[in-house]
Structures are given as C-alpha cells and as structure tokens.
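See below for the structure under consideration.
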Amino acid sequence: MAELTHFNESGRARMVDVSGKASTERIATAQGRVRLKPDTLAKIQEGKIAKGDVLAVAQVAGVMGAKRTPDLIPMCHPVLLAGVDIAFDDDPRPDPQGLCSITITATAKTTGPPGAEMEAITAVSVAALTIYDMCKAVDKGMGVTDVYLVAKSGGK
C-alpha cells in the first residue's frame, strides 16, 4: 500500500516536493454526469434556458475551473496546463427514475512534474455545477453524480 505523502514528520499537512520528478507529458481524463428531467434536457438542447447557452457556459466554466484547481484544493501544485478539452454527451432516454443525463468528459494535458488528474476532475465538477446552476430554476430534482478519474498517463 502506498504511504500518504501529504504529511510531514510531525503529522501536519504539507505540499509534496515534486522537484525530483521528471518533466513528461501527462494526460488525465475525468467524467461526471448531471441527471435531469427530460424536459430540462430538451430545453438545454433547444436553447430555451433563460440564463443562456448552458453547455457553452459550462464548457468555459470547466476550463476556468481546471486553471483554478490549486486555488480550490489546498495541496495541489499550480500546473501549467497545455490544454483542457471538455465534451458533453446527452442521453435523452429516461432511466427507471425518469431522468435523463448529460455526461461530461474533461481531458487535461501538461508537461511537467505534477500530473493533471485533479485539473480534469475539477473541470468536470465545475462544468456539472454550472449546468446545475443554470437549470435549477426549472428542475429542482437535478443531481451531479459519478465524478471520477477515467485514465491518466505520463509520469511514473
């Protein structure tokens, strides 16, 4: 089992020293879902949400979130991102609870010693929260679920 690296000898939190790590291309992909009513998904697709183009705003918000990750997660290193890409996949088929979904996929890339997985996960989370915020007036039953790291490459 890997030992916890975010604690110093006194048991206090610390930022891990990554100065000894090689600079390599690192890519991380994360996903998450927003579950919502079929009518809400239709309004998003038709551009009928009062606050504007939901997915365009969520895309920009996700990129901004990735860039701000070290401001949100205390022990994250600032990462010089080479790129962040966000995609949305609508599933209009209602599940057994009668809800549809939008799956959000974010890929973050960097070349440096720290990885990009926290940036990809943050991008997905912020994009999902933006969808929620923009649609909450028309859908009180929305939920953000299944946010997780799909894959990462590079580094060790």
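Hey, could you check region 96-111 for residues that are in contact with a strand residue (DSSP E or B) (Cβ under 7 Å, 6 or more places away or on another chain) and farther than 14 Å from residue 63 by Cα and say which is surrounded by the most Cβ atoms within 10 Å (Cβ to Cβ)?
Of region 96-111, the ones in contact with a strand residue (DSSP E or B) (Cβ under 7 Å, 6 or more places away or on another chain) are 99-111.
If we keep only those that are farther than 14 Å from residue 63 by Cα too, we end up with 99-103, 111.
Numbers: 99: 20, 100: 20, 101: 20, 102: 26, 103: 16, 111: 14.
The qualifying residue surrounded by the most Cβ atoms within 10 Å (Cβ to Cβ) is 102.
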What number of residues within region 121-147 are over 8 Å from the mean Cα position of the chain (by Cα), within 19 Å of residue 68 (Cβ to Cβ) and either of a type in the set (Gly, Ala, Ser) or not in a helix (DSSP H, G or I) (or both)?
1
If I filter region 110-133 down to residues being within 11 Å of residue 79 (Cβ to Cβ) and among the β-branched types (Val, Ile, Thr), which single residue comes out as modelled with the highest pLDDT?
122
Which residues, taken from region 139-156, are open to solvent by 70 Å² or more (accessible area, probe 1.4 Å) and in contact with a Ser or Thr (Cβ under 8 Å, 6 or more places away or on another chain)?
150, 152
Can residue 98 be described as assigned to a loop (DSSP other than H, G, I, E, B) and either under 18 Å from residue 40 (Cβ atoms) or touching a residue at least 12 places away in the same chain (Cβ under 8 Å) (or both)?
yes
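Which of the residues that make up region 59-79 are part of a helix (DSSP H, G or I) and of a type outside the set (Ser, Thr, Tyr)?
Hits for region 59-79 are 59, 60, 61, 62, 63, 64, 65, 66, 67, 70, 71, 72.
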Which members of region 43-58 meet the condition of being part of a helix (DSSP H, G or I) and either in contact with a strand residue (DSSP E or B) (Cβ under 6 Å, 6 or more places away or on another chain) or of a type in the set (Val, Ile, Thr) (or both)?
44, 54, 55, 57
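Residue by residue, here is whether (1) part of a strand (DSSP E or B); (2) touching a residue at least 12 places away in the same chain (Cβ under 8 Å); (3) not β-branched (Val, Ile, Thr) holds:
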position: 18; (1), (2), (3): no, yes, no
position: 33; (1), (2), (3): yes, yes, yes
position: 41; (1), (2), (3): no, yes, yes
position: 82; (1), (2), (3): yes, yes, yes
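Conditions tested, residue by residue: (1) hydrophobic (A, V, I, L, M, F, W, C); (2) modelled with pLDDT of 95 or more.
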| residue | (1), (2) |
| --- | --- |
| 7 | yes, no |
| 17 | no, no |
| 27 | yes, yes |
| 38 | no, yes |
| 48 | no, yes |
| 61 | yes, yes |
Residue match in region 70-90 (condition: over 14 Å from the mean Cα position of the chain (by Cα) and β-branched (Val, Ile, Thr))
yes
Can you spot a residue in region 142-149 that is of a type in the set (Ser, Thr, Tyr) and closer than 15 Å to residue 38 by Cα?
no
Leading residue by the ranking (farthest from residue 94 (Cα to Cα)) among those in region 52-74 that are surrounded by fewer than 13 Cβ atoms within 10 Å (Cβ to Cβ) and touching a residue at least 60 places away in the same chain (Cβ under 8 Å):
74
Go through region 20-31 and give me each residue that's open to solvent by 70 Å² or more (accessible area, probe 1.4 Å) and in a strand (DSSP E or B).
25
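The values are calculated or read from the model by the stated rules, or taken from the named source; none is laboratory data. What you see is a predicted model; the values in this text were computed from it and never measured. Note that we place each Cβ from the backbone using ideal geometry, even for glycine, and neighbour counts take in every protein chain shown. The accessibility values were calculated without ligands, DNA or RNA, using every heavy atom of the protein model including side chains. Shrake-Rupley method; radii C 1.70, N 1.55, O 1.52, S 1.80 Å.
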